[in-house]
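First comes the structure, then the notes that go with it.
The values are calculated or read from the model by the stated rules, or taken from the named source; none is laboratory data. Computed from a predicted model, the values in this text were never measured in an experiment. Positions of Cβ are generated from backbone atoms using ideal geometry, with glycine treated the same way; all protein chains shown enter the neighbour counts.
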Amino acid sequence: MQSSENRSVLMGQFMYAESVPLSIFGMANTTWTRRHILSLADFTPLEYDTVLQTATSFREVLSRRTKKVPTLQGQVVTNLFFEPSTRTRSSFELAAKRLSADILNFAPGTSSLSKGETILDTAKTYLAMGTDLMVIRHREAGVPQAIAREMDRLGVRVGVLNAGDGQHEHPSQALLDLFTICTLIDPDDPRLALLKDKKIAIVGDILHSRVARSNIWSLTASGAEVHLAGPPTLLPKLFEEFVGRQEAGARDWGLGARKEEEERGKIGERSQEPEFKTQNSELRTQNSLLPRKLFLHWSLEPAIKDADFVMTLRLQKERMTNHLLPSLREYHQQFGITRDRLKLCKPDVKVLHPGPVNRGVEISSDLMDDPQFSLISQQVTSGVAVRMALLYLMCSGKG
Ligand code: NCD
């Protein structure tokens, strides 16, 4: 629950973000220290809960008649979207506006990129204009990381937020998915622990999906069982090792990192079972020890059987280089989410989709619009509160 102190800050008693300690959100003894949000691979449970709590406060702001607070007045947020986007770009823009930040929107088609300017020079141009935070989307994995490195090399306190890089990650989407699911379970106090032992299926084009990769991190961190399902061409066996391998590369776990590395040695071991495999990587995070539970399926039924949530993904045709599917019709027959198929799940199952949706391909059109099952519009609504939280935390943190 929010304290009245918390509310008063969001209403603008404290005009400048730098003066706002995180303890106002009930997060005693902690401050946000992450300057960039590039991946969820090394997010701690405490960070997830901080985002969920902060987003809850901003959700309350967004329910008021005047949906705006002066929290980031005077700060400049720049949206650098080198790839098309409807909801993510607009959601960040609205979030920045609701926080009273000044927002600059870069559009590649009408920019100097077409005159041969490099991406780093474009970023430095916005830096010279006084940008405090850059939100970056690019079709190539690693571009936000490269810009973040350059900002650090220059010694400037500019945060970089990855809004989707190639097939790599899309942290803000996974965080808004997490917020959507957790607020459904406990609207007043959404927190990571609510998902412990829930069954969550992620279905479809996992191979090309940055949304799936970020969601694997957040949902397995909660203690949920995450079941991936797709045809073998879109769900290669390398995902069996996804959690173990990425964590072996993620070194930023804070205390006890050496011990974790030793433990991770075991994680990479391949199971002898030919089909489904579990990644039980025991990880000591800063404040909990969680087994990450990830399962792979090349058919839909075992993944969605008794599931609490089903997240279906768009077929990313723009990233497919080969003929990976016989036909969209056949894909829908095997992996499309329909009312009939949901009978296999828990009776109160809910369906998520990050959008944009290919109606009638990954999900049947009627189901998509059915509020009894579909959380799709709640995801879009949650996105604004979650992105306000991210912008606020990054601009006011100690990173
Ligand atoms: C996703 C993306 O761009 O990664 N969409 C989004 O951000 N809401 C998923 C997709 O494009 O299919």
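Comparison of Arg7, Arg59 shows that the only residue that is modelled with pLDDT under 50, touching a Ser or Thr at 6+ places or on another chain (Cβ under 8 Å), surrounded by 14 or more Cβ atoms within 10 Å (Cβ to Cβ) and assigned to a helix (DSSP H, G or I) is Arg7. The condition of being more than 28 Å from Phe242 (Cβ to Cβ) and free of Cβ contacts under 8 Å to residues at least 60 places away in the same chain holds for only one of Leu113, Leu94, Leu133, that being Leu113. Quick one: in segment 324-344, of everything that is closer than 17 Å to Glu301 by Cα and touching a residue at least 60 places away in the same chain (Cβ under 8 Å), which residue is farthest from the ligand (Cβ to nearest atom)? Per the stated criteria, the residue is Gln334. Scanning segment 178-212 for residues being more than 10 Å from the ligand (Cβ to nearest atom) and in a helix (DSSP H, G or I) gives a total of 12. Note on segment 68-141: enclosed strands (runs of 3 or more DSSP E) holding 2 or more residues that are of a type in the set (A, V, I, L, M, F, W, C) and within 16 Å of the ligand (Cβ to nearest atom) are 76-81, 133-138. Restricting attention to segment 327-363 and to residues that are assigned to a loop (DSSP other than H, G, I, E, B) and aliphatic (A, V, I, L, M), the residue that is surrounded by the most Cβ atoms within 10 Å (Cβ to Cβ) turns out to be Val349. Put simply, of Asp370, Asp366 the only residue that is out of contact with any strand residue (DSSP E or B) (no Cβ under 8 Å at 6 or more places or on another chain), charged (D, E, K, R), part of a loop (DSSP other than H, G, I, E, B) and more than 13 Å from the ligand (Cβ to nearest atom) is Asp370. If only residues of segment 305-323 that are within 15 Å of the ligand (Cβ to nearest atom) and in contact (Cβ under 8 Å) with a residue 40 or more places away in the chain are counted, the one that is surrounded by the most Cβ atoms within 10 Å (Cβ to Cβ) is Met311.
With the condition kept exactly as written, say whether any residue in segment 143-153 is modelled with pLDDT of 95 or more, in contact with a Phe, Trp or Tyr (Cβ under 9 Å, 6 or more places away or on another chain) and within 19 Å of Leu38 (Cα to Cα). So far as segment 143-153 goes, yes, one or more of its residues are modelled with pLDDT of 95 or more, in contact with a Phe, Trp or Tyr (Cβ under 9 Å, 6 or more places away or on another chain) and within 19 Å of Leu38 (Cα to Cα). Checked against the criterion of being within 28 Å of Pro232 (Cα to Cα) and either more than 16 Å from the ligand (Cβ to nearest atom) or out of contact with any Ser or Thr (no Cβ under 8 Å at 6 or more places or on another chain) (or both), segment 154-164 has no qualifying residue.
Output yes when any residue across segment 127-134 is modelled with pLDDT of 95 or more, of a type in the set (A, V, I, L, M, F, W, C) and surrounded by fewer than 17 Cβ atoms within 10 Å (Cβ to Cβ), and no when none is.
For segment 127-134, residues modelled with pLDDT of 95 or more, of a type in the set (A, V, I, L, M, F, W, C) and surrounded by fewer than 17 Cβ atoms within 10 Å (Cβ to Cβ): present.
Does segment 40-48 contain any residue that is within 16 Å of the ligand (Cβ to nearest atom) and either in contact (Cβ under 8 Å) with a residue 60 or more places away in the chain or not assigned by TED's automatic domain parsing to the domain that holds Pro144 (or both)? The answer is yes; a qualifying residue exists.
When residues of segment 345-363 are filtered for being under 25 Å from Gly383 (Cα atoms) and away from the ligand (no atom under 16 Å from the Cβ), how many remain?
Qualifying residue count for the region: 3.
For segment 226-246, the count of residues that are part of a loop (DSSP other than H, G, I, E, B), hydroxyl-bearing (Ser, Thr, Tyr) and either touching a helix residue (DSSP H, G or I) at 6+ places or on another chain (Cβ under 7 Å) or modelled with pLDDT under 95 (or both) is nonzero.
The set of residues from segment 168-223 being out of contact with any Cys (no Cβ under 8 Å at 6 or more places or on another chain) and charged (D, E, K, R) comprises Glu169, Asp177, Asp186, Asp188, Asp189, Lys196, Asp197, Lys198, Lys199, Asp205, Arg210, Arg213. Within segment 72-104, the set of residues being at pLDDT 95 or above and polar (S, T, N, Q) comprises Gln73, Gln75, Thr78, Asn79, Thr88, Ser90, Ser91, Ser100. Going residue by residue through segment 147-154, is there one that turns out to be surrounded by 24 or more Cβ atoms within 10 Å (Cβ to Cβ) and in contact with a Gly (Cβ under 8 Å, 6 or more places away or on another chain)? Checked segment 147-154: no residue is surrounded by 24 or more Cβ atoms within 10 Å (Cβ to Cβ) and in contact with a Gly (Cβ under 8 Å, 6 or more places away or on another chain).
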